[in-house]
Amino acid sequence: MAYMGKMLRVNLTDGSIKTEDTPLDLAKKYVGGRGLAGRILMNEIDPKVDALSPENKLIFASGPLSNTNAPTGGRYMVITKGPLTGGIASSNSGGQWGAFLKKAGYDMIILEGKSPKPVYLSVMEDKVEIRDAAHLWGKRVPETTDTLIAESGEKNAKVACIGPAGEKLVYFASIMNEKHRAAGRTGVGAVMGSKNLKAIVTFGKQKSPIPDEDKFKALVKDKITTIRGNGITGEGLPKFGTKVLDNIINENGLYPSYNFQDVQYDNTYNMSGEALVEKGYLTKNSGCYMCPIACARNVELPNGRKGEGPEYETGWCFGPLLGFDDLNVICDANFLANDLGLDTISAGVTISCAMEMYEKGFIKKEEFEHGPELKFGNTEALMYWLKKMAYRENDLADRMAYGSLRFATERGCPEFSMTAKGQELPAYDPRGVQGMGMSYAVGNRGGDHVRSYLIAPEILGAPEKLDPQATEGKMQWLFIFQNLTSVIDSSGLCLFTSFALSADDYADMLNAATGFDYSTEEWLRCGERIWNQERYFNYQAGIGPETDTLPKRFFDEPAKRGPNKGQVHRLPEMLPEYYQIRGWTAEGIIPDEKLKELEIV
Amino acid sequence: MGMTVKFFATLRAALGVGSVELEHDTPMTVREVLERAEQETGKPIMQELFEDDGSMRIGAMVLVDGKNISHLNGLDTTVQSETLSVFPPAGGG
């Protein structure tokens with residue numbers, strides 16, 4: 001049945017640890033991971049609670065395919081109410097940690113309350129305990145990870161932890177596992193910090209129970225062959241990683257630069273995935289648990305510093321978005337953000353917002369104190385202000401640590417914040433790709449590229465090529481992508497598999513692993529339920545349809561150049577159709593009948 | 001007239017050059033441009049981009065001044081002095 005059948009409930013206020021049965025009746029409706037934990041969160045907290053209060057809960061969850069041989073079956077999700085958007089947060093991470101949570105015997109961990117002092121949680125197969133973390137508080141991610149592996153006595157133990165940014169409640173703090181993999185978005189690290197929880201260590205050797213091992217193995221072998229035979233997952237991603245996109249997106253005219261004031265960047269090649277290889281910085285690629293793609297980058301810089309990354313998004317927001325292309329600085333800043341436990345996208349876009357604000361007179365020079373000016377093109381500023389934000393070391397950085405929307409709004413210029421629902425946008429300009437722009441606008445966590453990656457059909461041509469400027473028919477694609485992605489996330493697999501696999505492929509593997517015997521349509525129905533459940537949570541939290549929009553720049557300032565010159569985003573043409581396809585009211589509210597039909601209420 | 005054909009990702013590595021410059025007197029189709037580029041580099045390009053049935057491989061693309069030929073006239077798209085950007089199958093996120 002693929003589930004371990006047990007989950008941990010840890011109350012950090014009183015130190016109690018309980019083992020409970022995984023609610024398999026709910027798993028049949030919400031799959032696992034993001035879906036199941038989201039439903040549990042909705043059942044157990046008032047969506048209106050302060051995200052950083054003890055009343056919020058923090059759930060680490062695996063999916064049914066985590067800890068199986070399914071390709072990429074090692075992911076986990078962190079589900080909570082996030083401080084950045086104020087809505088449901090579900091951050092997904094790779095590496096090994098998710099598989100090891102199940103190897104220790106648990107499908108998920110529900111963390112409640114707030115510890116009176118810094119602690120960490122040790123989840124070993126034979127013993128679970130809360131331990132003192134006074135010696136770790138203030139430490140960066142690599143030192144914390146190494147120390148905890150040594151303390152566990154098990155060299156293969158896996159550590160998920162926060163860095164200084166999470167401790168300081170930076171609204172876009174990440175949770176890092178195995179040093180380099182991030183549950184990055186929506187500020188889940190700040191929630192962990194608010195609970196005085198520094199880390200969770202996992203280790204065990206248990207296998208996930210599969211009803212028919214032979215059948216499952218044969219299916220998995222078939223799916224791996226499909227992934228390896230696909231041009232994207234079998235060639236482009238292994239060779240160049242996600243940074244292969246730099247030139248693709250720039251040449252297609254939707255590569256934002258200078259805080260989205262422009263849609264292309266002249267020197268993109270200098271910092272692209274190709275340049276990373278040609279300059280000799282890439283030492284090897286590596287993969288997460290059971291991954292046949294292996295897109296992770298192991299990099300060594302001329303200055304001797306080593307680390308993983310950068311991914312496409314990070315390379316962009318630590319480079320061209322800020323007006324420079326120095327690959328050394330980009331990589332170094334990526335290493336630093338990982339060490340500090342910062343979400344790179346929100347950190348980079350917040351800095352770019354500040355650069356535009358300074359350029360236009362909304363930040364005074366004296367606010368930098370002795371630090372470098374936040375000016376486009378100033379490479380010095382990036383490393384300096386990343387660190388300042390993580391530690392909240394001066395007044396300006398302290399305000400930036402709330403994210404670009406709060407920061408720009410309190411200074412009277414919210415139009416410079418490139419966010420949707422309060423979360424910073426990723427590296428695809430909505431003026432160049434109409435469907436993806438809608439994905440940001442109506443996404444349950446706002447500015448985000450992994451809830452419905454319409455770049456696949458609109459730019460890459462997978463599974464078929466759509467015109468990026470067309471609006472007709474796009475909302476049906478968005479509907480299907482949102483539902484399917486909800487299932488993929490909740491199953492514990494990586495979204496990258498979807499470049500090669502179809503909805504039927506996921507249904508095959510889920511049926512063989514869980515024994516549920518659902519049709520593909522029934523699995524997609526689970527995805528629809530998950531999507532609506534998340535939106536229902538947000539609505540209860542006070543985030544209504546009025547937030548289904550984009551920064552006004554994309555409506556008022558046409559693209560300056562390239563193939564999309566003169567284009568704006570055409571949200572008003574698409575939003576009513578999206579609501580209609582979803583079965584919501586014309587105002588974007590989920591009607592009671594829909595909630596009942598999906599068995600959400 | 002002059003035309004620049006730029007190569008990216010694994011194709012760039014396979015060809016060993018980042019771009020080729022082509023001189024021509026009359027407008028050409030994208031198919032003719034790619035065939036000329038194959039002659040210039042001495043290495044296959046078309047087979048990296050297209051399936052046996054002539055359809056574009058998933059993730060591959062040919063852009064004419066940033067516009068995908070899938071939304072123009074495919075390989076029969078006529079070009080004069082534009083820049084062509086050629087990508088073998090690639091993607092990410």
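Per-residue mean of other chain beta-carbon atoms within 10 angstrom of the beta-carbon, peptide B:67-75?
Rounded to a whole number, the mean comes out at 3.
Run the numbers on the range A:241-417 and let me know its relative contact order in percent, using alpha-carbon pairs under 8 Å that are six or more apart.
In percent, rounded to a whole number, it is 18.
If you average the C-alpha positions of the range A:365-393 and of the range A:24-52 separately, how far apart do those two centres end up, in angstrom?
39 Å
Under the rule of at least 5 residues apart or a separate chain, name every residue whose amide H is placed under 5 Å from the amide H of A:Gln423.
A:Gly447
In vacuum, with every alpha carbon of the range A:431-597 counted as one equal point scatterer, what does the Debye formula give for log10 I(q)/I(0) at q = 0.09, 0.13 Å⁻¹? Two decimals, please.
So the normalised log intensities work out to -0.32, -0.66.
Counting alpha carbon pairs within less than 8 Å and at least 6 residues apart, what relative contact order, in whole percent, applies to chain A?
RCO, chain A: 16 percent.
For chain B, with the dipole built from +1 on Lys and Arg beta-carbon atoms and -1 on Asp and Glu ones, taken about the Cα centre, which of B:Ala9, B:His71, B:Ser81 lies farthest toward the positive end?
B:Ala9
Near A:Arg570, within a Cβ-to-Cβ distance under 12 Å, what is the net charge of the other residues, with Lys and Arg +1 and Asp and Glu -1?
-1
So what does log10 I(q)/I(0) come out to for chain B at q = 0.16, 0.22, 0.23 Å⁻¹, using the Debye formula with one equal point on every Cα and no solvent?
Ignoring solvent entirely, the Cα scatterers give -0.58, -1.16, -1.27.
Could you tell me the extents of chain A's C-alpha atoms along the three principal axes, largest first, rounded to whole Å?
59, 56, 47
Determine the shielding of peptide B:7-16 by partner chains: average, over its residues, the number of Cβ atoms on other chains within 10 angstrom of each Cβ.
Rounded to a whole number, the mean comes out at 4.
Helix-only estimate, please: 222 nm mean residue ellipticity of chain B, summing -39500 (n - 2.57) across DSSP H runs of length 4 or more and dividing by its residues, to the nearest 500.
Dividing the helical sum by the residues of chain B leaves -6500 deg cm²/dmol.
Need one number for the range A:241-417: average projected area of the convex hull over its C-alpha atoms, nm².
10.3 nm²
Sum up the charges of everything whose Cβ sits under 13 Å from the Cβ of B:Leu72, counting Lys and Arg as +1 and Asp and Glu as -1, but leave B:Leu72 out.
Neighbour charge sum, excluding B:Leu72 itself: -1.
Counting other Cβ atoms within 10 Å, which chymotrypsin sites (Phe, Trp or Tyr not before Pro) in the range A:284-390 have at most 16 and lie in a DSSP loop?
Within the range A:284-390, the qualifying chymotrypsin sites (Phe, Trp or Tyr not before Pro) (loop, at most 16 other Cβ atoms within 10 Å) are A:Phe362.
Mind putting a number on the dipole of chain A about its Cα centre? Charges go on the C-beta only, +1 for Lys and Arg and -1 for Asp and Glu, and I need it in Debye to the nearest 20.
So the magnitude is around 980 debye.
Tell me, what is the percent relative contact order of the range A:431-597, built from C-alpha pairs under 8 Å that lie six or more residues apart?
Relative contact order, the range A:431-597: 27 percent.
For A:Ala507, what is the net charge nearby, where nearby means another residue's Cβ is under 13 Å from its Cβ and Lys, Arg count +1, Asp, Glu -1?
That works out to -4.
Using helices alone, I'd like the mean residue ellipticity at 222 nm for chain A: each DSSP H run of four-plus residues gives -39500 (n - 2.57), total over residue count, nearest 500.
The helix-only estimate for chain A comes to -11000 deg cm²/dmol at 222 nm.
Mind checking the dipole of the range A:6-203: about its Cα centre, +1 per Lys or Arg Cβ, -1 per Asp or Glu Cβ, Debye to the nearest 20?
Here the size comes out at about 480 debye.
A short reminder: the numbers here are calculations on the coordinates, not readings from a lab. What you see is a predicted model, and the numbers here were worked out from it, not measured in a lab. Methodologically, a virtual Cβ is constructed for each residue, glycine included, from the backbone with ideal geometry; neighbour enumeration extends over all protein chains shown.
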